[in-house]
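The values are calculated or read from the model by the stated rules, or taken from the named source; none is laboratory data. Note that the coordinates shown come from a computational prediction; the quantities given were computed from them, not determined experimentally. A quick note on method: Cβ atoms are made from the backbone with ideal geometry, for glycine too, and the neighbour counts reach across all protein chains shown. Please note that ligands, DNA and RNA were not included when accessible areas were found on the heavy atoms of the full protein model with its side chains. Shrake-Rupley method; radii C 1.70, N 1.55, O 1.52, S 1.80 Å.
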Amino acid sequence: MEQLKQKHKDVQGIIFINLIRLLFLVLVIILLLLLGKIVVEGSGILSLEFVFDSPRNNMTKGGIGPAIFGTIAVTFIMILFAVPLGVFSAIYLNEYAKDTFFTRVIRTSINNLAGVPSIVFGLFGLGFFILFIGRNIDDVLETGLLFGQPALLWASATLAVLVLPIVIVSTLEALNSVPKTHRDASYGLGATKWQTIKHVVLPQARPGILTGTILAISRGAGETAPILFLGAAFFLPNLPVVDLCIGDYCIPMINPTEQFMYLAYHIFILATQSSNPTKTLPIQYGSTLVLIALTFLLNITAILFRYRFRKILGRL
Amino acid sequence: MKEVKISVNNFDLYYGEKQALKNISIEIPAKKVTAFIGPSGCGKSTFLRVLNRMNDLIDHVKIQGEVLIEGVNIYDKQIDVVNLRKRIGMVFQKSNLFPKTIYENLIYGLKINGIRDKKVLDETAEKTLKQAALWNEVYDRLHEPALSLSGGQQQRLCIARALAVEPEIVLMDEPASALDPLSTAKIEELIHELKTKYTIVIVTHNMQQAARVSDQTAFFYLGELIEYDKTSKIFTNPTKKQTEDYVTGRFG
Amino acid sequence: MIAEQSHITDIKTPDRSQESSFGKKIKKSIRIKERIIKYFFAVNGAMALVFIILIFVFLFKEGFKALEHIGFLDFIYLDQVQADGSVKRVYEWYPTSAEARYSLVPLILGTLLTAIPGTIISTIFGVAAGIYLSEVANPKLKEFLKPMIELFAGIPTVVLGFIMLAVGASFFNDLLNPVNRLNAFIASLGLSFVIIPIIASLTEDALHSIPNDLRMASYGLGATKWQTIRHVILPAAFSGVSASIILGFGRAIGETMIVLMASGNAANITANIFESVRTMTATIAAEMGEVSQGSDHYYALFFIGIVLFTITFFLNLIAEIVISKMRKKNTF
Ligand SMILES: Nc1ncnc2c1ncn2[C@@H]1O[C@H](COP(=O)(O)OP(=O)(O)O)[C@@H](O)[C@H]1O
Ligand SMILES: [Mg+2]
C-alpha cells in the first residue's frame, strides 16, 4: 500500500507538458504584443476624418476614405458574382447530381482549388478576364480600350473565382449537415424535390451558408496578391463612381470599368513603394488597424453564426 | 374474402451489386394491419420503402418486378412518385419532425399541396391531432417547437403529420422501437384505431408487438419472404421451420 | 422489366383492366416549375464547373507557350559566352536584360528557403498548440481559444507582411545582425503566422477525432497524461498531423504578400537564411504588372504560375488523401 501513496513522478511528462504550455504561451504573447502594437500605433491616427478623407500631401496626410470605398465596392461586386453562383452550384451538386465518379472528381477539385495560391488567380484574372474577355468585348463593341485593361470589374470577378470554392465548400457542408431523416420525412409526405429544398433543407442550412458567405467576404477584402495587377491603384483623385441617369433622375453607381483604391493594397504600397515610408508610417498603422478591425468583425460574425448553427443542429 | 390493397409480384431489389430483396410476392389486405418481422438486416425496411418508392431517392438501387396498388403498377412510367407518396403516409423509426412548430409540422403536407386556407389548415390540424390522440396533450402549445415534445409525443405527432394529407395507406418502420413501454402502448392503441380507416403496414422486430397489433404477419429472412399468413397462424402454428425458430426465440 | 404475376390463390387479385380511382390520383403530373428550377441549378453548376476548368486550361495553355518561346532547359540555366570566348553556365533570373535569363533555380531555392524554415517553426508551435488545445487546456478555455485561432488565421497576409517590415525586420536586425535587413528568415517568421493556425487547428481536429476509449484504456493501464499523448494519441493521430504539416507547407509555398514584403526580393542563390531571396510568388507579383502581353517574360511568369499551381495542387491532394484515410480508419 505504501506504493500507492508514493506519487509517481513522470519527469519527462512534466517537462514536455510544461514545454507545450510554454510554447503556447509564447505564441499568445507574441500575437498580443503585435496586435497591441498595431492598436496603439494605429489608434493615434484613427478619427472620422481618417476613415472618410482622401489622402493628401503626397499620401503623408489625410485619410483612407477612397481605399475603404474601393474595398467595399470590389467585395460587393465580388459577392454578386460568387455567392449566387457558389450557392446554386452547391445546391445542384448536393441535392440534384447523382454521386458518381465525375461528381467526386469535381468535389475534390473544388476542395483543392481553395488551396491554390491567390497570386495564381491573379494570373488567371489578367490573362483570362482582362486580356481575353475584356479585349474581345472591346473589339466587339468597338469602344477602344475600355474593358481590356485593369478595372474594378475584373478585380471583383477574379476575387469571385478565388472565393467561389469557399462559398461552394461551406454551402455543401451546410446542406450536408441537414439530416437525411428530415428530407425523408418531407419526401414521404409527397413533397417534390424543390419543395423539400425550399421548406426543409434551406431554412436549416441558411446560417451555415451565411457563415461561408461572410468568410468569403472577409477573405476577399483582405486579399492583395491577386489584385496587384488587376486595377488597384496607388492614388486616385476620384472615386470609381459614375452617375447613372434615367431621364432627370441620377443615382451614383460604382463604375466597374475604372481603377480603384484598395485598403490592403494601400498598406502594401505605402509600406514598400512610397517615397517616404517612415513619414507615412502612422497612416500605415492606421490602415492596418482598420483592415484588421474589418476582418475581425466579419470573422467574429461568421464564428457566432456558425456557433448558433451548430447549436441548433446539436439540439436535434 | 378480403379486399387486396397492395399486391407485389416477384420483386427483386439490388443495392449496387448486392441483392437485398429476392423474388418477393405478397398481397396486403385493405384496412388491416400487416406486420413485417424478421432479424435485423433482412430487408424489412427496404421492402417497406418499395411500397412508396422511397428507394428512388437512393443512388445505385435497381429493381425488378411489380407492385400493384389497387391494380395499378406504381413502378409504371405513367406514375408520379410525388403523387404516389401523397397517397401513402410514412412513419419512420426515429421521429423526424422538422425543427418547426407543432402546427407547422402538422400542416406541412397540406402546405406543399398548395392549401393556404387558414380555416382548412386549422381544422385539419385539430382533426389529425385528435386522431392521433394527441390533441389533449398539445392543444394549448401548437405554436411551440415540435422538438420540445417528449419522445413518445414526437412519434405520435409524426403519425398525425402523415395522416394530415389523408393517405390511404400508412407505412410504419419500427415506429415504437425507440420508445418506453407506456408510449409504445399508446402507439399500438393508435394503430388499432387507425385500421378502421387505413391500410397499415408496420415493420417491427418486437414479436409481441406484431402479435398484438397485426392481422397478417410476414416473416422475412435474408431478403426473402419466408412465410406470410394470418398473425395467429404465424405465431401459433407456422409452416416453416425458420419461422418457428424465429417466433419462439430459438433463432441463430 | 415486369416479372410474371404470382399466384397466391386464396386472395383475390384485383382486376387490372379496370382503372381504379387510385390510379388516377397517382398519374403523372407535369411539374414545369420543378423542372425549370432544376435546370436553373444545373446551369449554375455547369458555369461553376466551366470556371474551374477554365482556370486549369487557361493557365496551362499560357504556361506551356513559355516552353515554345523559351525552352525547358532555359528555365534551369543559360550558357553564357564570356568576353574571352569561354562558356559560363549561369543560373539567373534576369528576364529584362538584353540577354534575358530565365532560370527558375534561384526562385525555387528562394521559395524553399522561406517555406521550409517557416514550416519547421510552424510545426513546432502549431503541433504544440494543437496538443495544448486538445489534451492540456481545460474545456472552457478551449471553447474560447479555438475561435481565437480561427480569427488569427483570418488576418490578411498584407498585415503580416507589414508587421514583419515595420517591426520584425528592425528587431532582428539589431538582434542578429543579418546579411540583409530583409531576408529569408524574416519572411519565414512572417509565414509562420499564417501556417501555425492551420497546423494547430488541423492537429487539434486530428487529436480530437481519436475516440475517448483509447485515452481511457491508456489511463486505465496506469499511464500518465504525457505517456498517453506520446504513445497512444500522437501515433493514432499521426496521419492527421502530417496532413496538417503538408497543407501548411503548401500554403507557405503559395503565400505572396509576406514574402514580397519581407524577403528582400533579390534573386540570390544562397543557403544562408539571413540573406535576401526572391520567391516564385513574389516574382509574379512584382513583375506581372510591367510585362507586355505575349512577350517571353509574360509567358515565363505564367510558367511559374503553373509550377506553383501544380506543386500546391498535389500537396493539397496528398493531404486530402491522408485525411480521408485517417477518417476511414477512425470510424469504428
Ligand atoms: N442505402 C443502402 N445502401 C446499400 N445497402 C443498404 C442500404 N440500405 C440497406 N442496405 C442493406 O440492405 C439490407 C437490408 O437492410 P434493411 O432493409 O435496412 O433491413 P432491416 O430493416 O430488415 O433491418 C442490409 O444488408 C443493409 O445493409
Ligand atoms: Mg430497418
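Values computed for the structure shown
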quantity	calculated
Leading residue by the ranking (nearest to B:Pro167 (Cα to Cα)) among those in segment C:1-52 that are modelled with pLDDT of 50 or more and among the β-branched types (Val, Ile, Thr)	C:Ile26
Any helices (runs of 4 or more DSSP H) falling wholly within segment A:90-149 and containing at least 1 residues that are farther than 25 Å from C:Leu317 by Cα and facing another protein chain (nearest Cβ under 10 Å)	A:135-141
Residue list for segment B:35-53, restricted to those being within 14 Å of chain A (Cβ to nearest Cβ), more than 7 Å from ligand 1 (Cβ to nearest atom) and either among the acidic types (Asp, Glu) or open to solvent by 10 Å² or more (accessible area, probe 1.4 Å) (or both)	B:Arg49, B:Arg53
Complete set of residues in segment B:35-71 that are closer than 24 Å to B:Thr196 by Cβ and more than 16 Å from ligand 2 (Cβ to nearest atom)	B:Leu68, B:Ile69, B:Glu70, B:Gly71
Residues that are open to solvent by 50 Å² or more (accessible area, probe 1.4 Å) and away from ligand 1 (no atom under 16 Å from the Cβ), drawn from segment B:196-210	B:Thr196, B:Lys197, B:Gln208
Condition met for C:Ala223 (in a helix (DSSP H, G or I) and either free of Cβ contacts under 8 Å to residues at least 60 places away in the same chain or in contact with a Ser or Thr (Cβ under 8 Å, 6 or more places away or on another chain) (or both))	no
Count of residues meeting criterion [within 16 Å of ligand 2 (Cβ to nearest atom) and either more than 14 Å from every other protein chain (Cβ to nearest Cβ) or more than 19 Å from the chain's Cα centre (by Cα) (or both)] in segment B:14-34	3
Residue in segment A:75-86 that is surrounded by fewer than 17 Cβ atoms within 10 Å (Cβ to Cβ), more than 12 Å from chain C (Cβ to nearest Cβ) and of a type in the set (Val, Ile, Thr) present	no
Qualifying positions in segment B:170-211 - within 16 Å of ligand 2 (Cβ to nearest atom), among the small types (Gly, Ala, Ser) and more than 15 Å from B:Gln154 (Cα to Cα)	B:Ala210
Out of B:Glu193, B:Glu188, B:Glu224, B:Glu174, sole residue that is more than 16 Å from ligand 1 (Cβ to nearest atom) and either in contact (Cβ under 8 Å) with a residue 60 or more places away in the chain or open to solvent by 40 Å² or more (accessible area, probe 1.4 Å) (or both)	B:Glu193
Filter result (under 13 Å from the mean Cα position of the chain (by Cα) and either among the charged types (D, E, K, R) or more than 23 Å from B:Thr34 (Cβ to Cβ) (or both)) within segment B:162-187	B:Glu168, B:Asp173, B:Glu174
Filter pass, B:Ala160 being open to solvent by less than 10 Å² (accessible area, probe 1.4 Å), more than 16 Å from ligand 1 (Cβ to nearest atom) and assigned to a helix (DSSP H, G or I)	yes
Criterion violated by B:Gln131 - all others in (1) buried (at least 23 other Cβ atoms within 10 Å of the Cβ); (2) farther than 30 Å from A:Asn94 by Cα satisfied	(1)
Of the criteria (1) open to solvent by 20 Å² or more (accessible area, probe 1.4 Å); (2) closer than 18 Å to A:Gly42 by Cα; (3) within 11 Å of chain C (Cβ to nearest Cβ), which one A:Ile303 fails	(2)
Yes/no for C:Ala217 being in contact (Cβ under 8 Å) with a residue 60 or more places away in the chain and assigned to a helix (DSSP H, G or I)	no
Failed condition for B:Asn83, given (1) within 16 Å of ligand 2 (Cβ to nearest atom); (2) open to solvent by 10 Å² or more (accessible area, probe 1.4 Å); (3) at the interface with another protein chain (Cβ under 9 Å from one of its Cβ atoms)	(1)
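So that you can scan it fast, the table gives a plain yes or no per residue for (1) closer than 16 Å to A:Leu33 by Cβ; (2) hydroxyl-bearing (Ser, Thr, Tyr); (3) touching a residue at least 24 places away in the same chain (Cβ under 8 Å):
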position	(1), (2), (3)
C:Lys146	no, no, yes
C:Phe152	yes, no, yes
C:Leu160	yes, no, yes
C:Leu165	no, no, yes
C:Phe171	yes, no, no
C:Leu176	no, no, yes
C:Val179	no, no, yes
C:Phe185	no, no, yes
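The rows are residues; the columns are (1) among the aliphatic types (A, V, I, L, M); (2) buried (at least 24 other Cβ atoms within 10 Å of the Cβ).
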site: C:Asp296; (1), (2): no, no
site: C:Gly305; (1), (2): no, yes
site: C:Leu308; (1), (2): yes, yes
site: C:Phe313; (1), (2): no, no
site: C:Arg327; (1), (2): no, no
